[in-house]
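Here the structure comes first, spelled out in structure tokens, and everything after it is commentary.
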Amino acid sequence: MQILIAFDKFKDSMPAAAACKAAEVGIRAALGDAVKTTLAPLTDGGEGFCPILAESAGGWIEYHRASGPLGESVEAPLGWVEARQLPAGTERYLSKLEGKVAVIEMASVAGLEQVPSDQRHPRFTTTRGVGELIRIATTECAQAILLGIGGSATSDLGLGALESLGLQFLRADGSRIEGVLPKDWIEIERIEGAIEPELPPIYIACDVDNPLLGPRGAASVYGPQKGLSEDEVEIFDSLAGKMARMLCRHFNKAESSILTPGTGAAGGIGFGLHVCCDANFVPGFELVTAWLNLKAKIAAADLVLSGEGKIDFSSLSGKGPFALAVAADKAGLPCRLFAGKAEKEAVQAIESKFPGTRAYSITPEDMALPEALSKGAINLQASVEKVLSAETFDR
């Protein structure tokens, strides 16, 4: 029996590679050593995006100092891959590239996990470090930049990144706001400056299809997990609309860009980079599938195991494990999803649509969250062992 183990990270608990290894231990305990396993850590563009993609394509990683989400200095990875080393199939999403491709992970400089829980609030977090890494990659002769935007702590439309790339934000009296944050938006009356230096093509890996504004927008859907209270969402969304329209006017772009699917991901950084730097959205899971050669790995498998920290209705908007379940279903394979928490309604929706898929919570009901996070690997191992011990699988 061949089992494909392809987990995403469990936020605040364990990275994707650790989750895959914990699941493998559970498989061995349930089914013995005769089972063959293939480990393929997933990334949705968040934590692990840079090392997973760079290392799998024979690339290398540098580390640079850059601004963190609260403005602090952090050490962030910058991945590099030679275009000729890119796996077959990636050219469908990244065009025909030559030279070096830089891989940037937004979560390394603007990640939610980098912000203490009592300091999480999108009014005070910035994407400045993303712009700094883009500038570094450009000066080091990147012919293209691939940016993963998962796991963000920010909702600043990418204005922090754009400021580090040359934009200026001015008050009514002409004074400049330094280190722009969403808390400053109400004061901004004018944008000046241009993007410098000339940037290579930027590709944004994104599977979320939310628009920038409105009930499915960045503030409404993702703001609360980043610290927005319910009574702050409406005003935050309104100010985001103000800034979005100002960007469109400054760069002579149609305001209809605000409606582009995916612009609500990661607090709107994709919107800002699309309008100001002509960045292109690419389907993240499809790109990762080609990059990691997942189709061949699925075809060789008899069972697929996947999962992430939480399964809820947002998981059905294109997140990695759910997309993997879709791929397994198309291949006629059973799939088992494991999450720190799997919400009942989302599980029912997944299992009703894909009869070969089952989803499980790995956390015991009486276990408090801090303990669950610290014991993520142990809980995953135990849950995998329990589930597989009770089932019989046929090709």
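Quick note: the coordinates plus some simple rules give every number you see, no bench work behind them. Since the model is a prediction, treat every value here as computed from it, not as a measurement. No Cβ is skipped: glycine too gets one built from the backbone with ideal geometry, and neighbour counts run over all protein chains shown.
Need the C-alpha centroid separation for segment 355-395 versus segment 234-304, integer Å.
32 Å
If you average the sequence gap of Cα pairs under 8 Å that are 6 or more apart and divide by the length of the chain, what percent do you get for the contact order?
19 percent
Give me the percent of DSSP beta bridges within the chain that run antiparallel, rounded to the nearest 5.
35 percent
Any idea what log10 I(q)/I(0) is at q = 0.17, 0.18 Å⁻¹ for segment 1-159, Debye with uniform C-alpha scatterers and no solvent?
-1.00, -1.08
In a Gaussian network model over the chain where Cα atoms closer than 10 Å are linked, find which of L78, L239, L324 has the largest mean-square fluctuation.
Most flexible of the set in this elastic network: L239.
Sorting Y63, Y203, Y360 on the 10 Å Cβ count, fewest up front, what's the list?
Y63, Y360, Y203
Counting only complete DSSP H runs, which helices of the chain cover 20 Å or more along their long axis at the Cα atoms and score a mean Kyte-Doolittle of 1.0 or above?
Helix filter hits for the chain: 16-31.
Work out, in µm²/s and without decimals, the Stokes-Einstein translational diffusion coefficient of the chain at 25 °C, 0.890 mPa s, Rh from Kirkwood over C-alpha pairs.
The calculation lands on 114 µm²/s.
Could you compute the FRET efficiency for E365 and A254, with r as their C-beta to C-beta distance and R0 at 45 Å, rounded to 0.05?
After rounding, the FRET efficiency stands at 0.35.
For every helix of n ≥ 4 consecutive DSSP H residues, a contribution of -39,500 (n - 2.57) applies; sum these over the chain, divide by its total residues, and give [θ] at 222 nm rounded to the nearest 500 deg cm²/dmol.
-10000 deg cm²/dmol
Looking at segment 49-285, I'd like the Rg to Rh ratio, where Rg is from alpha-carbon atoms and Rh is Kirkwood's inverse mean 1/r.
0.95
By how many nm would the segment from I235 to E178 lengthen if fully extended, with 0.36 nm per residue of separation less the alpha-carbon distance?
The I235-E178 span can extend by a further 18.3 nm.
Mind sorting V81, V74 by how few other Cβ atoms lie within 10 Å of their own Cβ, fewest first?
In increasing order of surrounding Cβ atoms, one gets V74, V81.
About the Cα centre, and with charges only on the beta carbon of Lys, Arg (+1) and Asp, Glu (-1), how big is the dipole of segment 49-285? Nearest 20 debye, please.
380 debye
Could you give the nm distance between label points at A29 and E345, where each point is 7 Å from its Cα heading toward the beta carbon?
Result: 3.3 nm between the two label points.
What does the charge dipole of the chain about its Cα centre add up to, to the nearest 20 debye, if the Cβ of each Lys and Arg holds +1 and the Cβ of each Asp and Glu holds -1?
Dipole magnitude for the chain comes out near 780 debye.
Name the residue, out of F49, F285, F251, whose mean-square fluctuation peaks in a Gaussian network model built on the chain with Cα pairs under 10 Å.
Answer for the Gaussian network model of the chain: F251.
May I ask you to sort V387, V180, V103 by Cβ crowding, counting other Cβ atoms within 10 Å and putting the fewest first?
V387, V180, V103
Which of F236, F271, F354 ends up with the largest GNM mean-square fluctuation for the chain, with Cα atoms connected below 10 Å?
Comparing F236, F271, F354 in the GNM, the peak value goes to F354.
Counting other Cβ atoms within 10 Å, keep those with at most 14, restrict to DSSP loop, and tell me which GluC sites (Glu not before Pro) in segment 198-270 are left.
The qualifying sites are E198.
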